[in-house]
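The values are calculated or read from the model by the stated rules, or taken from the named source; none is laboratory data. Remember, it's a predicted structure, so these values are computed and weren't measured experimentally. When we count neighbours, we look across all protein chains shown, and the Cβ atoms used for this are built from the backbone with ideal geometry, even at glycine.
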Amino acid sequence: MLGLGDEERVRALAEDITSSTRTDDSEEHARRAVETLQQRVDVWQSATFADLQRPPNPAWLRAFLAAHPQALLADAQHARALADTFGDPSSGAPPLTTPFKEQALGRPRLPSWLRGLLLPALLTALATAVVGGKVLSSASSPLEALWVVIFAALFAHAALGCCTALRGLRPLRDAELTRRASATEVEWTTLPRTAVIIPIYHESATDVFAGIAAMRESLLALPALPDIEFFVLSDSQDPLIAAEEERALRRITAQPKPAVPVFYRRRSQNVGQKSGNLAEFFQRFGSRYGYVIVLDADSLMQGRTMVELIARIHGAPRVALLQAPIVPVRGQTLLARALQWSSSIAGPLFMRGLVRWSGAHGNYYGHNAILRTQAFVDCCALPKLRGRPPLGGPLLSHDFVEAALLCRGGWQVRLAPDLGGSYEELPPTLAQYVARDRRWCQGNLQHLRVMGAPGLPAMSRLHLFLGAAAYLAGPAWVGFTLLGVVLTLEGRLQADHMTTGLALALCLLVGPRLLGTLAALGSKSMRLAHGGAVRLLLTLGAELTLSALLGPILMLHHTRMVAAIVLGRAVTWGAARRRTTSAARARWSTESAHTVLGFGLAAAASLLPTAQALWLAPVWVPLVLAALTSMLLGSARLGRALERAGLFLVPSETQPDPLIARAEELRALTEGDSSGRFRDVVLDAVLVAAHIERLTGDDQHASADPDLRERALRVGPAGLTEDERRTLLGDPSSLRWLHREAWRAWPTETWELSRHAPQLPNVS
């Protein structure tokens with residue numbers, strides 16, 4: 001025990017004790033040896049702890065010497081240094097080698113997803129008790145009970161949205177945000193290589209590539225530049241549109257060796273549509289990038305926002321997806337301006353409330369987000385649902401499912417509501433808005449089959465369910481209204497019962513905009529950003545009026561969508577129109593059927609008692625005005641007039657972001673024309689072959705006059721009329737001849753721009 005690590009000193013001490021205590025009596029010898037050793041210990045103790053007022057605690061001293069036996073052979077100074085690391089000699093308490101962690105036994109905490117449901121559930125129970133108490137009795141029929149059940153479901157859906165916005169009134173704490181650790185801008189250059197990918201399908205090449213050029217300029221203006229590359233993933237099948245894309249690409253990549261390269265890849269077959277396009281990118285090029293920022297064709301994002309996303313996810317190793325807020329901008333029509341105003345007012349509340357509710361199990365909106373590449377590849381291979389579309393087959397809405405799969409894999413999906421500089425555009429007309437909703441409706445109803453998958457967190461299941469419920473609410477409102485009419489005509493339901501139910505539900509539906517307006521009025525910067533208090537309140541009144549007119553129209557559209565899906569009518573992911581092109585007559589005709597239905601309901605309401613006709617007015621009046629409403633909502637002239645009057649103003653207009661203005665300016669660089677499109681199709685071997693293949697499958701194509709193609713070769717594309725170019729594009733033999741001969745006759749300087757720049761990167 002006494003210092004086994006120093007054999008010579010131990011042996012010398014043993015011999016000294018033995019020689020000084022040697023006797024013939026073994027018992028006497030042992031007694032003297034113990035006394036001698038004790039004397040030496042007392043001398044060592046006095047020298048080592050001479051500064052203490054009293055000797056060390058015996059229990060502590062035994063524990064100390066057992067732990068450090070070499071201290072007996074050390075000098076007093078070294079022994080005392082060891083003793084100072086071994087607790088308090090006077091107290092007798094040696095140090096704890098394995099201390100317990102502190103434990104709190106406070107109140108039990110419910111899961112965040114369940115806490116978020118408590119207040120909506122309480123409000124729903126109270127409202128159902130108020131309305132159901134008036135309707136239900138011992139003699140109630142099943143129809144009355146069904147009416148109350150539908151009311152409870154609709155009220156719960158509205159209460160959940162309103163309560164989420166209510167939770168967003170309180171600012172978020174730092175612990176609720178995914179912030180990056182403080183880092184200098186110079187350290188940005190050490191961040192992993194990141195791809196910014198933009199999937200497109202028959203989009204406006206002018207807008208897409210102008211936006212890319214503006215975002216690249218925003219990145220180049222930063223004091224330090226991370227390793228970022230843009231990647232355009234085209235699924236366009238029309239050779240003329242592909243020609244526009246390649247021409248716009250050449251224009252923005254004309255400078256040699258750009259600091260932020262732009263790569264372009266076009267698939268000959270768009271297998272799997274958008275989700276298949278993204279999957280192919282990750283499989284072919286994912287190993288090249290640590291992170292991927294996904295943008296939509298109409299997305300814009302500041303360079304600083306991109307870098308902030310990269311830095312935040314890099315500093316949070318358990319986060320696989322970080323979603324930035326998406327601010328609608330550049331709305332010209334009344335519909336787009338109204339939608340972007342309501343998003344600006346209520347959107348921040350929803351975002352903060354959702355962060356507080358969902359925590360690490362947030363959601364993904366499909367774009368304007370950053371993904372951790374390896375986590376996405378490991379978890380997000382999208383399965384096909386059993387059966388055929390619309391409810392089976394490939395998943396049409398992939399984003400919610402990908403977020404759920406990442407959470408199932410143990411990763412975190414978080415939102416970053418404090419970030420700015422992330423934008424998108426909205427459909428300009430009601431017809432285009434409904435067409436987008438039709439695709440989303442089919443995809444979200446497929447989520448009802450996904451939400452039962454094993455291993456998904458409860459919050460992810462809620463996201464999937466609520467996405468489907470947003471469209472199922474339309475048929476529910478129709479059933480609620482029709483059932484109310486039947487019960488009223490039978491005398492089982494009074495008008496005031498229906499009025500009470502509608503009033504309670506509608507208050508919650510408009511609640512988020514009211515809360516957002518109050519929050520904006522309470523903040524000077526937000527108040528000024530929306531045009532001031534007076535204009536803000538006037539816009540609120542106008543927006544609520546538009547919502548009242550639009551609500552029944554969308555209710556019927558969603559009902560028709562759900563019915564079509566149930567009947568097996570599927571849609572595919574088609575091209576989206578970002579700019580208004582519909583004529584007023586077309587906008588009128590898209591809602592003419594609803595107008596006819598509205599007049600029919602008005603005629604039926606006139607046969608009812610006045611009270612019943614009045615509570616049906618919020619349904620039949622908007623339907624009577626449906627065609628007029630559609631025409632006004634799609635009017636860019638009316639939208640600009642309201643902007644000049646200071647109504648529906650949003651921060652992107654009162655405090656414009658230079659990125660948005662620059663993207664508009666760069667459209668002059670990427671703008672295409674029919675002569676350039678014609679020239680590119682003729683000169684490009686891949687495009688002309690694809691175009692001829694399309695014509696070969698069409699027996700209706702006509703032959704062009706040989707003199708016309710001779711003239712085209714002589715005067716060039718710009719010297720032809722639009723009809724002449726169209727005629728040549730419809731004749732396969734003329735296209736083959738022009739492709740062979742035009743290389744020697746037409747100037748190709750713009751076509752040759754940046755041919756030295758690689759279209760695809762090396763995978764490394």
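Considering A59, A83, the condition of being outside any loop (DSSP other than H, G, I, E, B), in contact (Cβ under 8 Å) with a residue 12 or more places away in the chain and crowded, with 17+ Cβ neighbours inside 10 Å is satisfied by A83 alone. Has the range 640-660 got at least one residue that is among the β-branched types (V, I, T), farther than 30 Å from R216 by Cα and in contact with a Leu (Cβ under 7 Å, 6 or more places away or on another chain)? No, every residue in the range 640-660 fails to be among the β-branched types (V, I, T), farther than 30 Å from R216 by Cα and in contact with a Leu (Cβ under 7 Å, 6 or more places away or on another chain).
Results for (1) more than 30 Å from L647 (Cβ to Cβ); (2) under 17 Å from the mean Cα position of the chain (by Cα); (3) not basic (K, R); (4) not in a helix (DSSP H, G or I), shown as yes or no for each residue.
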position	(1), (2), (3), (4)
V260	yes, no, yes, yes
S268	yes, no, yes, yes
F281	yes, no, yes, no
I293	yes, yes, yes, yes
A316	yes, no, yes, yes
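Looking only at residues of the range 87-135 that are at pLDDT below 75 and aliphatic (A, V, I, L, M), we find that the one that is farthest from L483 (Cα to Cα) is A93.
The one condition from (1) in contact (Cβ under 8 Å) with a residue 40 or more places away in the chain; (2) within 30 Å of S652 (Cβ to Cβ) that L445 does not meet is (2).
Scanning the range 518-546 for residues that are outside any helix (DSSP H, G or I) and in contact (Cβ under 8 Å) with a residue 24 or more places away in the chain yields H530, G531, G532. Please determine whether any residue of the range 536-543 is modelled with pLDDT of 95 or more, under 20 Å from T481 (Cβ atoms) and touching a Leu at 6+ places or on another chain (Cβ under 9 Å). Within the range 536-543, none of the residues are modelled with pLDDT of 95 or more, under 20 Å from T481 (Cβ atoms) and touching a Leu at 6+ places or on another chain (Cβ under 9 Å).
Quick one: would you say T178 is touching a residue at least 40 places away in the same chain (Cβ under 8 Å), among the β-branched types (V, I, T), surrounded by 14 or more Cβ atoms within 10 Å (Cβ to Cβ) and part of a loop (DSSP other than H, G, I, E, B)? Spelling it out, T178 is indeed touching a residue at least 40 places away in the same chain (Cβ under 8 Å), among the β-branched types (V, I, T), surrounded by 14 or more Cβ atoms within 10 Å (Cβ to Cβ) and part of a loop (DSSP other than H, G, I, E, B). When the range 448-465 is filtered for residues that are in a helix (DSSP H, G or I) and surrounded by fewer than 18 Cβ atoms within 10 Å (Cβ to Cβ), the ones remaining, listed by number, are L448, R449, A458, F465. Scan the range 499-517 and give yes if some residue there is of a type outside the set (A, V, I, L, M), under 30 Å from L607 (Cα atoms) and at pLDDT 85 or above, otherwise no. No: zero hits. Determine whether the range 477-494 contains at least one residue that is of a type in the set (V, I, T) and either under 19 Å from E653 (Cα atoms) or not in a helix (DSSP H, G or I) (or both). Looking for residues that are of a type in the set (V, I, T) and either under 19 Å from E653 (Cα atoms) or not in a helix (DSSP H, G or I) (or both), one finds none in the range 477-494, hence no. Applying the criterion of at least 2 residues that are modelled with pLDDT of 75 or more to the helices (runs of 4 or more DSSP H) found wholly in the range 556-636 leaves 592-606, 610-624, 626-633.
If the condition is being out of contact with any helix residue (DSSP H, G or I) (no Cβ under 8 Å at 6 or more places or on another chain), under 21 Å from M301 (Cβ atoms) and of a type in the set (A, V, I, L, M), then the range 652-677 contributes only A661. The residues of the range 136-146 that are modelled with pLDDT under 90 and within 18 Å of F480 (Cβ to Cβ), listed by number, are L136, S140, S141, P142, L143, E144, A145.
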